[in-house]
1. Which of the residues that make up the stretch 70-95 are of a type in the set (V, I, T) and within 16 Å of the chain's Cα centre (by Cα)?
2. Quick check on the stretch 413-420. Is at least one of its residues charged (D, E, K, R), part of a helix (DSSP H, G or I) and under 20 Å from W265 (Cα atoms)?
3. As an exercise: evaluate A62 against (1) at pLDDT 85 or above; (2) more than 16 Å from the chain's Cα centre (by Cα); (3) over 20 Å from G272 (Cβ atoms) and give the number of the one condition it does not meet.
4. Test A165 against the stated conditions and say whether it is in a helix (DSSP H, G or I) and either under 20 Å from the mean Cα position of the chain (by Cα) or under 22 Å from G25 (Cβ atoms) (or both).
5. Do you know which of the residues in the stretch 286-341 that are under 20 Å from the mean Cα position of the chain (by Cα) and either outside any helix (DSSP H, G or I) or among the charged types (D, E, K, R) (or both) is surrounded by the most Cβ atoms within 10 Å (Cβ to Cβ)?
6. Of the numbered conditions (1) within 28 Å of A63 (Cα to Cα); (2) modelled with pLDDT under 75; (3) among the charged types (D, E, K, R), E233 satisfies every one except a single condition; which is it?
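The values are calculated or read from the model by the stated rules, or taken from the named source; none is laboratory data. No experiment lies behind these values; they were computed from the predicted model shown. For neighbour counting, all protein chains shown are included, and Cβ atoms are generated from backbone atoms with ideal geometry for every residue, glycine included.
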Amino acid sequence: MSAVFTTLDEQSITRRHRRVLWASGLGIFLDGYDLSIMAIALIVLKDQWHPSSAALGLLGTAALVGALVGGLLGGPIADRFGRKTIYLIDIAAFFFAALLSGFAWDIASLVAFRFLLGLGVGADYPLSSTYMAEFMPKDRRGAVMTWIFGLWMGGAVVSSLVGLALLHTGPDAWRWMLASGALPAILVLWMRRNLPESPRWYLRRGRVADAERVVAWLAPQLSAAERRAALEETAAAMEGARRHSWLDLFGKRYLKLTLYACIPWFMMDVMGYALAIFLPLMLLHLGLKTNEQAVIGNTLFSLAFVIGWIPLALLIDRIGRRRAQIIGFLGDALGLGLVGVLLVALGEPPFWAVATGLLLFQISNSFGPGTTTWIIPTELYPTELRASGHGFATAVSRLGAATSVFLLPTIQATLGEAGLLFLLAGAGGVGVVTTLWLGNEMARESLPESLARKAA
(Lines give C-alpha, C1' and ligand atoms only; values in the text may rest on other atoms or scores of the structure.)
Protein backbone atom coordinates (compact mmCIF):
# COMPACT_ATOMS: atom_id res chain seq x y z
CA MET A 1 0.00 0.00 0.00
CA SER A 2 1.38 3.42 -0.98
CA ALA A 3 2.53 5.57 1.94
CA VAL A 4 0.74 8.49 0.30
CA PHE A 5 -2.60 6.68 0.17
CA THR A 6 -2.10 5.43 3.72
CA THR A 7 -1.79 9.07 4.75
CA LEU A 8 -4.85 10.06 2.73
CA ASP A 9 -6.83 7.17 4.23
CA GLU A 10 -5.93 8.16 7.78
CA GLN A 11 -6.03 11.96 7.73
CA SER A 12 -8.78 14.10 9.21
CA ILE A 13 -11.56 15.67 7.17
CA THR A 14 -10.41 19.08 5.90
CA ARG A 15 -12.14 21.95 4.13
CA ARG A 16 -10.92 20.49 0.83
CA HIS A 17 -12.63 17.21 1.61
CA ARG A 18 -15.78 19.19 2.37
CA ARG A 19 -15.56 20.98 -0.94
CA VAL A 20 -15.42 17.63 -2.74
CA LEU A 21 -18.32 16.34 -0.66
CA TRP A 22 -20.64 19.29 -1.25
CA ALA A 23 -19.91 19.58 -4.95
CA SER A 24 -20.54 15.86 -5.40
CA GLY A 25 -23.45 15.58 -3.00
CA LEU A 26 -25.48 18.34 -4.59
CA GLY A 27 -25.84 16.08 -7.62
CA ILE A 28 -27.70 13.72 -5.27
CA PHE A 29 -29.80 16.70 -4.13
CA LEU A 30 -30.90 17.22 -7.75
CA ASP A 31 -32.12 13.63 -8.03
CA GLY A 32 -34.19 13.92 -4.86
CA TYR A 33 -35.53 17.30 -5.94
CA ASP A 34 -36.57 16.15 -9.38
CA LEU A 35 -38.22 12.90 -8.28
CA SER A 36 -40.37 14.59 -5.65
CA ILE A 37 -41.28 17.60 -7.77
CA MET A 38 -42.51 15.20 -10.46
CA ALA A 39 -44.72 13.46 -7.90
CA ILE A 40 -46.41 16.78 -7.09
CA ALA A 41 -46.52 17.96 -10.70
CA LEU A 42 -48.48 14.84 -11.64
CA ILE A 43 -51.30 15.94 -9.32
CA VAL A 44 -51.80 19.11 -11.39
CA LEU A 45 -50.92 17.65 -14.78
CA LYS A 46 -53.45 14.82 -14.54
CA ASP A 47 -56.27 17.35 -14.18
CA GLN A 48 -55.10 19.26 -17.27
CA TRP A 49 -54.05 16.49 -19.67
CA HIS A 50 -56.09 13.58 -18.21
CA PRO A 51 -53.44 10.94 -19.01
CA SER A 52 -54.35 7.26 -19.13
CA SER A 53 -52.80 4.82 -16.64
CA ALA A 54 -50.24 3.83 -19.28
CA ALA A 55 -49.37 7.49 -20.02
CA LEU A 56 -49.08 8.19 -16.30
CA GLY A 57 -46.68 5.28 -16.04
CA LEU A 58 -44.60 6.62 -18.94
CA LEU A 59 -44.37 10.06 -17.35
CA GLY A 60 -43.25 8.51 -14.08
CA THR A 61 -40.68 6.20 -15.66
CA ALA A 62 -39.12 8.32 -18.44
CA ALA A 63 -36.44 9.83 -16.19
CA LEU A 64 -35.78 6.43 -14.61
CA VAL A 65 -35.21 4.80 -18.00
CA GLY A 66 -32.91 7.69 -18.87
CA ALA A 67 -31.02 7.10 -15.62
CA LEU A 68 -30.65 3.44 -16.55
CA VAL A 69 -28.96 4.41 -19.82
CA GLY A 70 -26.96 7.16 -18.12
CA GLY A 71 -25.60 4.73 -15.53
CA LEU A 72 -24.57 2.22 -18.18
CA LEU A 73 -22.75 4.89 -20.19
CA GLY A 74 -21.46 7.19 -17.45
CA GLY A 75 -19.59 4.60 -15.40
CA PRO A 76 -17.40 3.17 -18.20
CA ILE A 77 -16.72 6.66 -19.59
CA ALA A 78 -15.56 7.80 -16.13
CA ASP A 79 -13.29 4.75 -15.76
CA ARG A 80 -11.85 5.20 -19.24
CA PHE A 81 -11.51 8.99 -19.52
CA GLY A 82 -11.62 10.20 -15.91
CA ARG A 83 -14.21 11.26 -13.37
CA LYS A 84 -14.08 14.92 -14.43
CA THR A 85 -14.78 14.23 -18.11
CA ILE A 86 -18.56 14.13 -17.79
CA TYR A 87 -18.87 15.61 -14.29
CA LEU A 88 -20.09 18.90 -15.76
CA ILE A 89 -21.74 17.49 -18.89
CA ASP A 90 -24.22 15.37 -16.93
CA ILE A 91 -25.37 18.33 -14.82
CA ALA A 92 -25.62 20.52 -17.93
CA ALA A 93 -27.92 17.87 -19.43
CA PHE A 94 -30.03 18.00 -16.27
CA PHE A 95 -30.23 21.81 -16.48
CA PHE A 96 -31.46 21.93 -20.08
CA ALA A 97 -33.84 18.99 -19.66
CA ALA A 98 -35.45 20.51 -16.55
CA LEU A 99 -35.90 23.82 -18.35
CA LEU A 100 -37.35 22.18 -21.46
CA SER A 101 -39.77 20.11 -19.37
CA GLY A 102 -41.53 23.33 -18.46
CA PHE A 103 -42.21 23.95 -22.16
CA ALA A 104 -43.48 20.47 -23.08
CA TRP A 105 -46.46 20.61 -25.45
CA ASP A 106 -47.75 17.04 -25.07
CA ILE A 107 -47.07 13.81 -23.24
CA ALA A 108 -44.58 12.59 -25.86
CA SER A 109 -42.42 15.73 -25.61
CA LEU A 110 -42.49 15.66 -21.82
CA VAL A 111 -41.47 12.00 -21.81
CA ALA A 112 -38.53 12.86 -24.12
CA PHE A 113 -37.33 15.73 -21.91
CA ARG A 114 -37.68 13.60 -18.80
CA PHE A 115 -35.60 10.88 -20.46
CA LEU A 116 -32.84 13.41 -21.19
CA LEU A 117 -32.94 14.59 -17.59
CA GLY A 118 -32.62 10.99 -16.44
CA LEU A 119 -29.50 10.54 -18.58
CA GLY A 120 -27.81 13.26 -16.55
CA VAL A 121 -28.96 11.87 -13.21
CA GLY A 122 -27.94 8.31 -14.10
CA ALA A 123 -24.48 9.35 -15.23
CA ASP A 124 -23.96 11.43 -12.09
CA TYR A 125 -24.75 8.62 -9.64
CA PRO A 126 -21.62 6.53 -10.28
CA LEU A 127 -19.52 9.67 -10.68
CA SER A 128 -20.56 11.33 -7.42
CA SER A 129 -20.21 8.22 -5.29
CA THR A 130 -16.94 7.07 -6.85
CA TYR A 131 -15.42 10.53 -6.69
CA MET A 132 -16.30 10.93 -3.02
CA ALA A 133 -15.11 7.46 -2.03
CA GLU A 134 -11.73 7.96 -3.69
CA PHE A 135 -11.03 11.11 -1.68
CA MET A 136 -12.38 10.15 1.75
CA PRO A 137 -10.41 8.73 4.74
CA LYS A 138 -11.33 5.07 5.18
CA ASP A 139 -12.55 5.30 8.81
CA ARG A 140 -14.99 8.09 7.95
CA ARG A 141 -15.96 7.07 4.43
CA GLY A 142 -19.25 5.43 5.35
CA ALA A 143 -20.32 8.21 7.71
CA VAL A 144 -19.54 11.13 5.41
CA MET A 145 -21.16 9.44 2.41
CA THR A 146 -24.25 8.77 4.53
CA TRP A 147 -24.41 12.39 5.66
CA ILE A 148 -24.05 13.57 2.07
CA PHE A 149 -26.65 11.14 0.76
CA GLY A 150 -29.07 12.89 3.09
CA LEU A 151 -29.01 15.67 0.51
CA TRP A 152 -31.24 13.42 -1.61
CA MET A 153 -33.97 13.80 0.96
CA GLY A 154 -33.07 17.47 1.35
CA GLY A 155 -33.87 17.82 -2.34
CA ALA A 156 -37.13 15.94 -1.84
CA VAL A 157 -38.21 18.18 1.04
CA VAL A 158 -37.25 21.41 -0.75
CA SER A 159 -39.12 20.33 -3.88
CA SER A 160 -42.19 19.47 -1.79
CA LEU A 161 -42.16 22.98 -0.34
CA VAL A 162 -41.66 24.49 -3.81
CA GLY A 163 -44.49 22.34 -5.14
CA LEU A 164 -46.76 23.41 -2.30
CA ALA A 165 -45.97 27.08 -3.00
CA LEU A 166 -46.69 26.68 -6.72
CA LEU A 167 -49.73 24.42 -6.39
CA HIS A 168 -52.29 27.21 -6.84
CA THR A 169 -50.51 29.32 -9.45
CA GLY A 170 -52.85 28.05 -12.16
CA PRO A 171 -53.31 25.07 -14.48
CA ASP A 172 -49.71 25.41 -15.69
CA ALA A 173 -48.27 25.13 -12.18
CA TRP A 174 -46.70 21.81 -13.13
CA ARG A 175 -44.58 23.59 -15.77
CA TRP A 176 -43.05 25.91 -13.17
CA MET A 177 -42.48 22.95 -10.85
CA LEU A 178 -40.54 20.91 -13.40
CA ALA A 179 -38.56 23.88 -14.76
CA SER A 180 -37.55 24.93 -11.23
CA GLY A 181 -35.01 22.10 -11.16
CA ALA A 182 -32.79 24.16 -13.47
CA LEU A 183 -32.00 26.61 -10.64
CA PRO A 184 -30.14 24.24 -8.27
CA ALA A 185 -28.41 22.71 -11.32
CA ILE A 186 -26.72 26.07 -11.97
CA LEU A 187 -25.32 26.03 -8.41
CA VAL A 188 -23.93 22.52 -8.89
CA LEU A 189 -22.26 23.51 -12.17
CA TRP A 190 -20.57 26.47 -10.47
CA MET A 191 -19.34 24.40 -7.50
CA ARG A 192 -17.83 21.70 -9.73
CA ARG A 193 -16.06 23.98 -12.17
CA ASN A 194 -12.54 23.63 -10.65
CA LEU A 195 -12.59 20.26 -8.89
CA PRO A 196 -9.47 18.09 -9.36
CA GLU A 197 -9.41 14.65 -10.94
CA SER A 198 -9.18 11.62 -8.64
CA PRO A 199 -5.51 10.87 -7.81
CA ARG A 200 -6.31 7.16 -7.78
CA TRP A 201 -7.52 7.36 -11.38
CA TYR A 202 -4.41 9.33 -12.40
CA LEU A 203 -2.16 6.67 -10.87
CA ARG A 204 -4.01 3.83 -12.54
CA ARG A 205 -3.29 5.60 -15.83
CA GLY A 206 0.37 6.11 -14.96
CA ARG A 207 0.03 9.91 -14.74
CA VAL A 208 2.23 10.37 -11.67
CA ALA A 209 2.81 14.12 -12.02
CA ASP A 210 -0.93 14.80 -12.24
CA ALA A 211 -1.60 12.57 -9.24
CA GLU A 212 1.11 14.38 -7.29
CA ARG A 213 -0.54 17.76 -7.87
CA VAL A 214 -3.85 16.49 -6.50
CA VAL A 215 -2.21 14.81 -3.49
CA ALA A 216 -0.32 18.04 -2.75
CA TRP A 217 -3.65 19.91 -2.86
CA LEU A 218 -5.37 17.40 -0.58
CA ALA A 219 -2.49 16.64 1.83
CA PRO A 220 -0.07 19.61 1.81
CA GLN A 221 1.67 18.30 4.95
CA LEU A 222 3.52 15.69 2.86
CA SER A 223 6.92 16.69 1.46
CA ALA A 224 7.41 16.78 -2.31
CA ALA A 225 10.09 14.08 -2.17
CA GLU A 226 7.86 11.81 -0.08
CA ARG A 227 4.94 12.28 -2.45
CA ARG A 228 6.98 11.65 -5.58
CA ALA A 229 8.75 8.50 -4.31
CA ALA A 230 5.61 6.87 -2.96
CA LEU A 231 3.51 7.74 -6.01
CA GLU A 232 6.09 6.43 -8.47
CA GLU A 233 6.33 3.18 -6.52
CA THR A 234 2.55 2.76 -6.54
CA ALA A 235 2.26 3.65 -10.23
CA ALA A 236 4.92 1.07 -11.10
CA ALA A 237 3.01 -1.62 -9.20
CA MET A 238 -0.24 -0.65 -10.90
CA GLU A 239 1.42 -0.64 -14.31
CA GLY A 240 2.20 -4.33 -13.94
CA ALA A 241 -1.30 -5.21 -12.79
CA ARG A 242 -3.83 -6.75 -15.16
CA ARG A 243 -6.08 -4.30 -16.99
CA HIS A 244 -9.78 -4.80 -16.40
CA SER A 245 -12.65 -4.38 -18.83
CA TRP A 246 -16.36 -3.80 -18.26
CA LEU A 247 -17.03 -7.50 -18.92
CA ASP A 248 -14.96 -8.40 -15.85
CA LEU A 249 -17.95 -7.32 -13.76
CA PHE A 250 -19.60 -10.59 -14.81
CA GLY A 251 -16.55 -12.84 -14.66
CA LYS A 252 -15.77 -15.37 -11.96
CA ARG A 253 -13.74 -12.92 -9.88
CA TYR A 254 -16.35 -10.16 -9.56
CA LEU A 255 -19.73 -11.75 -10.35
CA LYS A 256 -20.76 -12.24 -6.72
CA LEU A 257 -19.81 -8.65 -5.92
CA THR A 258 -21.83 -7.43 -8.90
CA LEU A 259 -24.88 -9.40 -7.78
CA TYR A 260 -24.47 -7.92 -4.29
CA ALA A 261 -24.29 -4.41 -5.74
CA CYS A 262 -27.31 -4.92 -8.02
CA ILE A 263 -30.01 -7.16 -6.54
CA PRO A 264 -30.61 -5.37 -3.20
CA TRP A 265 -30.54 -1.98 -4.95
CA PHE A 266 -33.03 -3.27 -7.54
CA MET A 267 -35.38 -4.35 -4.74
CA MET A 268 -34.97 -1.09 -2.86
CA ASP A 269 -35.89 0.93 -5.94
CA VAL A 270 -38.88 -1.30 -6.68
CA MET A 271 -40.25 -0.23 -3.29
CA GLY A 272 -38.87 3.26 -2.87
CA TYR A 273 -39.49 4.83 -6.25
CA ALA A 274 -43.01 3.47 -6.59
CA LEU A 275 -43.94 5.18 -3.33
CA ALA A 276 -41.92 8.33 -4.04
CA ILE A 277 -43.58 8.96 -7.42
CA PHE A 278 -47.15 8.04 -6.57
CA LEU A 279 -47.40 8.59 -2.80
CA PRO A 280 -49.43 11.84 -3.07
CA LEU A 281 -51.96 10.07 -5.30
CA MET A 282 -52.02 7.03 -2.98
CA LEU A 283 -52.62 9.26 0.04
CA LEU A 284 -55.70 10.66 -1.69
CA HIS A 285 -56.98 7.11 -2.17
CA LEU A 286 -56.18 6.16 1.43
CA GLY A 287 -58.11 8.89 3.20
CA LEU A 288 -56.78 12.40 2.56
CA LYS A 289 -59.31 14.74 0.96
CA THR A 290 -57.47 17.52 -0.89
CA ASN A 291 -54.38 18.02 -3.02
CA GLU A 292 -52.93 20.28 -0.31
CA GLN A 293 -53.29 17.53 2.29
CA ALA A 294 -51.63 15.05 -0.06
CA VAL A 295 -48.65 17.36 -0.67
CA ILE A 296 -48.27 18.09 3.05
CA GLY A 297 -48.47 14.36 3.78
CA ASN A 298 -45.82 13.71 1.15
CA THR A 299 -43.58 16.38 2.73
CA LEU A 300 -43.95 14.91 6.22
CA PHE A 301 -43.24 11.46 4.82
CA SER A 302 -40.04 12.82 3.27
CA LEU A 303 -38.99 14.46 6.54
CA ALA A 304 -39.31 11.12 8.35
CA PHE A 305 -36.19 10.09 6.44
CA VAL A 306 -34.17 12.00 9.05
CA ILE A 307 -35.26 9.65 11.84
CA GLY A 308 -33.41 6.73 10.26
CA TRP A 309 -30.70 8.64 8.42
CA ILE A 310 -29.04 10.33 11.43
CA PRO A 311 -28.56 7.08 13.43
CA LEU A 312 -27.18 5.39 10.31
CA ALA A 313 -24.61 8.17 9.79
CA LEU A 314 -23.50 7.77 13.41
CA LEU A 315 -23.34 3.96 13.34
CA ILE A 316 -22.53 2.83 9.80
CA ASP A 317 -18.76 2.63 10.29
CA ARG A 318 -19.31 0.63 13.50
CA ILE A 319 -22.04 -1.84 12.58
CA GLY A 320 -21.16 -1.99 8.88
CA ARG A 321 -23.16 -1.54 5.70
CA ARG A 322 -24.40 -5.14 5.48
CA ARG A 323 -26.03 -5.26 8.92
CA ALA A 324 -27.68 -1.87 8.46
CA GLN A 325 -29.05 -2.98 5.09
CA ILE A 326 -30.56 -6.16 6.53
CA ILE A 327 -32.23 -4.26 9.39
CA GLY A 328 -33.60 -1.69 6.97
CA PHE A 329 -35.04 -4.23 4.53
CA LEU A 330 -36.77 -6.04 7.41
CA GLY A 331 -38.41 -2.80 8.52
CA ASP A 332 -39.41 -1.99 4.93
CA ALA A 333 -41.19 -5.32 4.53
CA LEU A 334 -42.91 -5.05 7.92
CA GLY A 335 -44.12 -1.48 7.33
CA LEU A 336 -45.60 -2.10 3.89
CA GLY A 337 -46.98 -5.49 4.92
CA LEU A 338 -48.68 -3.89 7.93
CA VAL A 339 -50.53 -1.38 5.74
CA GLY A 340 -51.57 -4.19 3.39
CA VAL A 341 -52.95 -6.26 6.28
CA LEU A 342 -54.87 -3.25 7.62
CA LEU A 343 -56.47 -2.64 4.24
CA VAL A 344 -57.51 -6.29 3.91
CA ALA A 345 -58.78 -6.58 7.49
CA LEU A 346 -60.53 -3.22 7.86
CA GLY A 347 -61.26 -2.07 4.33
CA GLU A 348 -60.90 1.58 5.30
CA PRO A 349 -58.48 1.64 8.25
CA PRO A 350 -57.94 4.86 10.21
CA PHE A 351 -55.42 7.07 8.49
CA TRP A 352 -53.13 7.14 11.54
CA ALA A 353 -52.71 3.36 11.27
CA VAL A 354 -51.83 3.60 7.57
CA ALA A 355 -49.41 6.43 8.34
CA THR A 356 -47.71 4.30 11.02
CA GLY A 357 -46.89 1.56 8.52
CA LEU A 358 -45.69 4.03 5.90
CA LEU A 359 -43.49 5.80 8.45
CA LEU A 360 -41.99 2.48 9.56
CA PHE A 361 -41.08 1.87 5.93
CA GLN A 362 -39.55 5.32 5.49
CA ILE A 363 -37.50 5.24 8.69
CA SER A 364 -36.26 1.70 8.01
CA ASN A 365 -35.41 2.53 4.42
CA SER A 366 -33.38 5.58 5.39
CA PHE A 367 -31.51 3.59 8.05
CA GLY A 368 -30.74 0.80 5.60
CA PRO A 369 -31.07 0.19 1.86
CA GLY A 370 -32.21 3.68 0.93
CA THR A 371 -28.64 4.77 1.70
CA THR A 372 -26.46 1.65 1.87
CA THR A 373 -27.28 0.42 -1.64
CA TRP A 374 -25.74 3.64 -2.98
CA ILE A 375 -22.58 3.36 -0.85
CA ILE A 376 -21.81 -0.36 -1.21
CA PRO A 377 -20.97 -0.47 -4.96
CA THR A 378 -18.23 2.14 -4.54
CA GLU A 379 -16.34 -0.17 -2.17
CA LEU A 380 -16.43 -3.44 -4.08
CA TYR A 381 -14.25 -2.84 -7.14
CA PRO A 382 -10.73 -1.66 -8.00
CA THR A 383 -10.21 1.85 -9.36
CA GLU A 384 -10.47 0.96 -13.05
CA LEU A 385 -13.84 -0.79 -12.49
CA ARG A 386 -15.29 1.29 -9.67
CA ALA A 387 -17.40 3.72 -11.69
CA SER A 388 -18.38 0.99 -14.18
CA GLY A 389 -19.53 -1.29 -11.37
CA HIS A 390 -21.48 1.47 -9.68
CA GLY A 391 -22.88 2.59 -13.03
CA PHE A 392 -24.13 -0.91 -13.83
CA ALA A 393 -25.69 -1.21 -10.37
CA THR A 394 -27.33 2.19 -10.92
CA ALA A 395 -28.74 0.96 -14.24
CA VAL A 396 -30.12 -2.22 -12.67
CA SER A 397 -31.65 -0.25 -9.81
CA ARG A 398 -33.34 2.12 -12.25
CA LEU A 399 -34.66 -0.87 -14.18
CA GLY A 400 -36.36 -1.92 -10.95
CA ALA A 401 -37.62 1.61 -10.35
CA ALA A 402 -38.89 2.07 -13.91
CA THR A 403 -40.61 -1.32 -13.96
CA SER A 404 -42.27 -0.65 -10.63
CA VAL A 405 -43.39 2.88 -11.47
CA PHE A 406 -44.63 1.95 -14.94
CA LEU A 407 -46.63 -1.03 -13.70
CA LEU A 408 -47.83 0.52 -10.44
CA PRO A 409 -50.98 2.23 -11.82
CA THR A 410 -52.01 -0.99 -13.58
CA ILE A 411 -51.22 -3.22 -10.58
CA GLN A 412 -53.06 -0.84 -8.27
CA ALA A 413 -56.10 -0.86 -10.56
CA THR A 414 -56.01 -4.68 -10.77
CA LEU A 415 -55.05 -5.78 -7.25
CA GLY A 416 -55.91 -2.68 -5.24
CA GLU A 417 -53.68 -0.92 -2.73
CA ALA A 418 -53.39 -3.99 -0.48
CA GLY A 419 -52.16 -6.29 -3.26
CA LEU A 420 -49.69 -3.66 -4.42
CA LEU A 421 -48.28 -3.19 -0.92
CA PHE A 422 -47.88 -6.95 -0.41
CA LEU A 423 -45.86 -7.13 -3.63
CA LEU A 424 -43.63 -4.26 -2.50
CA ALA A 425 -43.18 -5.88 0.92
CA GLY A 426 -42.07 -9.04 -0.88
CA ALA A 427 -39.33 -7.02 -2.59
CA GLY A 428 -38.08 -6.07 0.88
CA GLY A 429 -37.96 -9.73 1.84
CA VAL A 430 -35.87 -10.54 -1.24
CA GLY A 431 -33.53 -7.71 -0.21
CA VAL A 432 -32.99 -9.35 3.19
CA VAL A 433 -32.22 -12.76 1.69
CA THR A 434 -29.82 -11.52 -0.99
CA THR A 435 -27.91 -9.28 1.43
CA LEU A 436 -27.48 -12.21 3.83
CA TRP A 437 -26.35 -14.47 0.98
CA LEU A 438 -24.10 -12.13 -0.99
CA GLY A 439 -23.08 -9.49 1.55
CA ASN A 440 -19.41 -8.49 1.76
CA GLU A 441 -18.49 -6.01 4.50
CA MET A 442 -16.10 -3.18 3.58
CA ALA A 443 -16.43 -0.80 6.53
CA ARG A 444 -13.17 0.90 7.61
CA GLU A 445 -11.12 -0.79 4.88
CA SER A 446 -8.90 0.98 2.40
CA LEU A 447 -10.29 0.78 -1.12
CA PRO A 448 -7.19 -0.49 -2.98
CA GLU A 449 -5.82 -3.10 -0.53
CA SER A 450 -9.16 -4.44 0.63
CA LEU A 451 -10.44 -4.77 -2.92
CA ALA A 452 -7.43 -6.78 -4.03
CA ARG A 453 -7.92 -9.15 -1.14
CA LYS A 454 -11.72 -9.38 -1.05
CA ALA A 455 -12.25 -9.85 -4.76
CA ALA A 456 -9.65 -12.60 -5.06
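1. Result: I91, single match.
2. no
3. Of the numbered conditions (1) at pLDDT 85 or above; (2) more than 16 Å from the chain's Cα centre (by Cα); (3) over 20 Å from G272 (Cβ atoms), the odd one out for A62 is (3).
4. no
5. Step by step, filter the stretch 286-341, then rank; the result is D332.
6. The single condition E233 does not satisfy is (1).
Let's see how each residue does on (1) of a type in the set (G, A, S); (2) more than 20 Å from G75 (Cα to Cα); (3) surrounded by fewer than 20 Cβ atoms within 10 Å (Cβ to Cβ):
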{"position": "A182", "(1), (2), (3)": "yes, yes, yes"}
{"position": "L195", "(1), (2), (3)": "no, no, yes"}
{"position": "Y202", "(1), (2), (3)": "no, no, no"}
{"position": "A209", "(1), (2), (3)": "yes, yes, yes"}
{"position": "R213", "(1), (2), (3)": "no, yes, yes"}
{"position": "A216", "(1), (2), (3)": "yes, yes, yes"}
